[in-house]
Amino acid sequence: MISEFSISVGTINVNDSKSIPAIRVRGEIDIYTCGELRKTLATTLENSSHDFLLNLEHVQYIDSTGLGTIAHSAQQIQASNGKIYVVCTKPQIKKIFEVSGLLTKNIAIYESEDSLSITVENHIG
């Protein structure tokens, strides 16, 4: 059963004084839904966020348009040493990031939001 597409935006605390935006996506990211994701990412970047969390734990599928949308955001923040912290547990979605070469850029994948806290704190520390 395919779940409804949705995006929620919040923050994740990385230490006592810093937090970064957290974008949590649910459903499928494809040509029909990537416009909404693109708008959310653009708004996040406009608010001068150079680092952010993109939680894809509840994403069942991502196509090339969705991947391109994420890659475009990564490219926009690369000059300022920004990083996208992707949370993903599904092997098929992780593989898409690996095969595309995006993990050699400024995107890193983690198993959970908790597992990235120390890494994020050290990066933006």
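A short reminder: the numbers here are calculations on the coordinates, not readings from a lab. Keep in mind that what you see is a predicted model, and the values were worked out from it rather than measured. As a convention, Cβ positions derive from the backbone with ideal geometry for all residues, glycine included, and neighbour counts pool all protein chains shown.
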Counting only pairs 8 or more places apart or on different chains, how many lysine pairs in the chain have C-alpha atoms closer than 18 Å? 5
Cα pair distances exceeding 23 angstrom across the chain, given as percent: 23
Extended-chain gain in nm, criterion 0.36 nm per residue less alpha-carbon gap, Asn13 and Ala108: 32.4 nm
Hey, got a sec? Which chymotrypsin sites (Phe, Trp or Tyr not before Pro) in the stretch 1-62 land in a DSSP loop and have at most 14 other Cβ atoms within 10 Å? Tyr32
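Of Glu36, Glu46, Glu28, how do they rank once you tally other Cβ atoms within 10 Å and put the fewest first? Intermediate results must be reported in sequence, preceding the final value.
Values: Glu36 15, Glu46 8, Glu28 18.
Listing Glu36, Glu46, Glu28 from fewest to most nearby Cβ atoms yields Glu46, Glu36, Glu28.
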For the chain, give the share of DSSP beta bridges that are antiparallel, in percent and rounded to the nearest 5; count only bridges with both residues there. 35
Rounded to the nearest 20 Debye, what is the dipole magnitude of the chain about its Cα centre when Lys and Arg each give +1 and Asp and Glu each give -1 at the C-beta? 240
For labels at Thr89 and Gln75 in the simple 7 Å Cα→Cβ model, what's the distance in nm? 3.3
